[in-house]
Every structure is written in C-alpha cells, then in structure tokens.
Amino acid sequence: MERHLDEELKEVKVRLLEMADLAIESIRKAIRALKERNIRLVNEIFEIDHRIDEFEIENEEKCIELLALRQPVGTDLRFLVGAIKINNDLERMGDHAVNIGQCTLALADKAHIKPLIDIPKMARMATDMLKDSIDSFIENDAAKAKKVCERDDKVDGLRDQIFRELLTYMMSDPTTIPRAMELILVSRNLERIADLSTNICEEIIYIAQARVIKHHAEEKGRKR
C-alpha cells in the first residue's frame, strides 16, 4: 500500500510539472505576441490555457481521491494539501497569460509607445521565479524556495518603475493613455505571476518543513 501511494504521489508531481511547463510556455508566448503584435500566438495562448484548465480539474480530482481513499498523514498529507494549492496557482498563471494576450489584441493595430524593454525583463524575472519554484518542488528544497520568495520585491520594483515611466508618457501626450493603460495591465499580470510563484514556494516550505510562512505567520506566532 505504501509503495503504491508513493507511485501515485509521484504521478501527481509529474502532472504538476507538465502543467508548469505549459504555464511557462504560455507566459513566454504572451510576451512574444505583445512584442510582435502576433495574433496567431495569442490564439495559441488561448489553446494552452484550455489544456491547463483540464490539468487543473484532473489534478484536483486525483488529489481529493487520494486524500479520501489513502488517508495519508505527515509529509504525504502536507504534499497533497500543498499540491492542490500549487495546482490552483498554476491555473491562475495561465489566466494571467491569457490576460496579457487580450492586451495584445487591444494593441495589435497600434504603434508601440516606446520599445518594449522593461516588460520583457519583468517577464523573464517572473518566469525564472516560476522555473526555480518548480525546481524547489522537484528537489523538496525549502531553502531554495525561500530564496525565490525573496526575489518578489525586485519584480514589484520593476512594476513600479514601468508605471512611473508610462505615467510620464500619459501626462505629456494624452493620446497615449489607452496604449499605456494596456501596458500597465500587462505589468500587473506579470507581477501577479511572480506573486503566485511566491505562493508555490510557501507551499513547498510547508510540505518540506511543516512551516507556515505566508502572512508572516511565524512572526505572529512568536509575538503571542
């Protein structure tokens, strides 16, 4: 029974890794579509999102089935609880890539306000966080996951920088406002992807060490 449960848990992990690969592909295509104003790529993003949604439903059903039938304890229980949350986070990342694709559709027939430099940089930072969070998940490495969490502030800082720069364009030329607002939405979606990678790393720390670090729970516990 134990060996069989281990195999089923490995299957859950593999499916989450496949789902993460799709999320990374979707985010990269979303930024490439934005840079190139490529409608074909946007349609591919929508197709990938449909596959991610299917993964999300199947993974959740499998995790709930294992919780009900195997009644795991300890690390195995934490893994399945964490896997359900990670599964949801990955699905939401796919939604954010779709949102970026929709911004691309709104901008497809319009000239760029300026060369896109900071948004692709922000996208690389966010996808690197996602890749490293998944590596931490594979390795069950809480220390590595903690380092990924610490990088979230840099993404937030770049989002603020993008906003300030676009605000300058909007103030100097009101005709740029619709285009600038779409780019601000893109940066916010990328920031949310980085936040979700942080969420994944918080779950990895919970799985590996039975520690809850989100919402500064440990600090609050020490103050009581």
(message) For Cα pairs less than 8 Å apart in space and 6+ apart in sequence, what is the mean separation divided by the residue count of the range 2-223, i.e. the relative contact order in percent?
(response) 25
(request) Please find the FRET efficiency linking residue 73 to residue 11, where r is the Cβ-Cβ separation and R0 is fixed at 22 Å, and quote it to the nearest 0.05. (result) 0.70
(message) With the crude spin-label approximation of a point 7 Å out along Cα→Cβ, what separation in nm comes out for residue 138 versus residue 35?
(response) 2.4
(message) If I stretch the segment between residue 18 and residue 57 completely, what's the gain in nm (0.36 nm per residue apart, minus their alpha carbon distance), one decimal?
(response) 12.6 nm
(request) Please compute the net charge surrounding residue 181, taking Lys and Arg as +1 and Asp and Glu as -1 over other residues with Cβ under 15 Å from its Cβ. (result) +3
(message) Using the Kirkwood radius over C-alpha pairs as Rh, can you work out the diffusion coefficient of the chain via Stokes-Einstein at 4 °C, viscosity 1.567 mPa s, in µm² per second?
(response) 70
(request) Compute the FRET efficiency between residue 95 and residue 172 as 1/(1 + (r/R0)^6), taking r as their Cβ-Cβ distance and R0 = 30 Å, and round to the nearest 0.05. (result) 0.35
(request) For the range 151-190, give the magnitude of the charge dipole about the Cα centre (Cβ charges: +1 Lys/Arg, -1 Asp/Glu; no others), in debye to the nearest 20. (result) 60
(message) Can you sort 171, 93 from fewest to most other Cβ atoms within 10 Å of each residue's own Cβ?
(response) 171, 93
(message) How charged is the neighbourhood of residue 157? Take every other residue with its Cβ under 12 Å from the Cβ of residue 157, and add Lys/Arg as +1 and Asp/Glu as -1.
(response) -1
(message) As an exercise, use a Förster radius of 25 Å and the Cβ-Cβ distance of residue 210 and residue 4 to find the FRET efficiency, rounded to the nearest 0.05.
(response) 0.55
(request) Please list, or write none, the aspartates and glutamates whose alpha carbon is within less than 19 Å of the alpha carbon of residue 114, excluding same-chain residues fewer than 8 places away. (result) 36, 160, 165, 173, 182
(request) Could you run the Karplus curve 6.51 cos²θ - 1.76 cosθ + 1.60 with θ = phi - 60° over the range 31-43 and give me ³J(HN,Hα) per residue in whole Hz, x for Gly and Pro? (result) 6, 4, 4, 5, 5, 9, 6, 9, 5, 4, 5, 4, 5
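Each reported figure results from applying straightforward, stated rules to the coordinates on display, with no laboratory input. Since this is a predicted model, take the numbers as computed values, not measurements. We place every Cβ from the backbone using ideal geometry, glycine too, and count neighbours over all the protein chains shown.
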